[in-house]
Amino acid sequence: MNLQNKVAIVTGAASGLGLATCRALAAAGAKVVGFDLDGTTLEETLGPDIKGIAVDVASEGSVKTGINAVVRTYGAVHVAVNCAGILGPGKTISKGQLFPSDLWNRVLSVNLTGTFNVLRHAALAMTANEPEETGERGVIINTASGAARQGQMGQAAYSASKAGVIGMTIPVARDLAEYGIRVVSIAPGLFESGMSAGMPTKVSDTIVGKLLFPQRMGKPDEFARLVQHIVENAYLNATTFDIECGTR
């Protein structure tokens, strides 16, 4: 899909991978709308060329309202990129205490259900698009994680939520194929972001030490360039791409 004048939604847009993705898609010619919890801060962060809307992805009503606003303003949704996510770290049992069920539910509601909320409402909007010459109407990109397959201690909720993102990629792509909508997921390793900033140095150093070359955290713009390539390469569909520099 040619991004010129296309309408793109990016969740988790206020920082990290989401912010870098907003900027990359805008630079490629798309009209970009960023979703995040704090709309005021979001507008200031994104700057004048990218619109920001306060959306809680865990709330279906909030997602529906946000996407309807995008359609009213720009007339369509062509690309949706799910970058919103939370960590919710904690051991299954720690000092005799169980991992809190409310935290488990919150992590899954944002990372998994939130992704599905945005995905399906964006897809519904995309079905109204006039197809391109290739028959394509839209592209949806979800953010999974290397932790889906290789979770660290204390990542049970996070890993489970991201494994769910990977698990639904193929069936949703099959569901939406008849409409000319592609669905792809990206599983990043350790990237420079607000989420990694909260990780203990001992843990991040251990992960970085297992990398090949380059032996460093990923940069958000490297993730964003992969997003752009997926959108522009029409033969990429129904799969998950690892971008983690060989971490196993």
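Antiparallel beta bridges, as assigned by DSSP with both residues in the chain, represent about 5 percent of the total such bridges. Sorting VAL231, VAL184 from the fewest to the most surrounding beta carbons within 10 angstrom yields VAL184, VAL231. On the principal axes of its alpha-carbon atoms, region 129-248 has extents of 51, 27, 22 Å, going from largest to smallest.
As a quick test, which of the pairs LYS95/LYS219; LYS64/LYS91; LYS64/LYS219; LYS51/LYS91; LYS51/LYS210; LYS51/LYS219 have an alpha carbon distance above 29 angstrom in this structure? Check vs 29 Å cut-off fails for LYS95/LYS219; LYS64/LYS91; LYS64/LYS219; LYS51/LYS91; LYS51/LYS210. Only beta bridges with both residues in region 67-203 are counted; by DSSP, about 15 percent of them are antiparallel. By the compact-protein rule of thumb, 2.2 N^0.38 Å, the alpha-carbon radius of gyration of the chain corresponds to a ratio of 0.98.
Here the simple spin-label model places points 7 Å from the Cα toward Cβ, and for ALA177 and ARG225 these points are separated by 3.2 nm. Could you work out the longest stretch of the chain that avoids the GluC sites (Glu not before Pro) located in DSSP loops with at most 15 other Cβ atoms within 10 Å? With GluC sites (Glu not before Pro) excluded where exposed in loops, the chain gives 1-131 as its longest stretch. Put a plus charge on the Cβ of each Lys and Arg, a minus charge on the Cβ of each Asp and Glu, and nothing anywhere else: the dipole of the chain about its Cα centre is then about 640 debye. Along the axis of the charge dipole computed for region 76-136 (Cβ charges of +1 for Lys and Arg, -1 for Asp and Glu, origin at the Cα centre), the listed residues THR115, ALA125, ILE93 are led at the positive end by ILE93.
Rule-based calculations on the coordinates, nothing more; no lab input. This one's a predicted model, so the numbers in the text were calculated from it and none came from an experiment. As a convention, Cβ positions derive from the backbone with ideal geometry for all residues, glycine included, and neighbour counts pool all protein chains shown.
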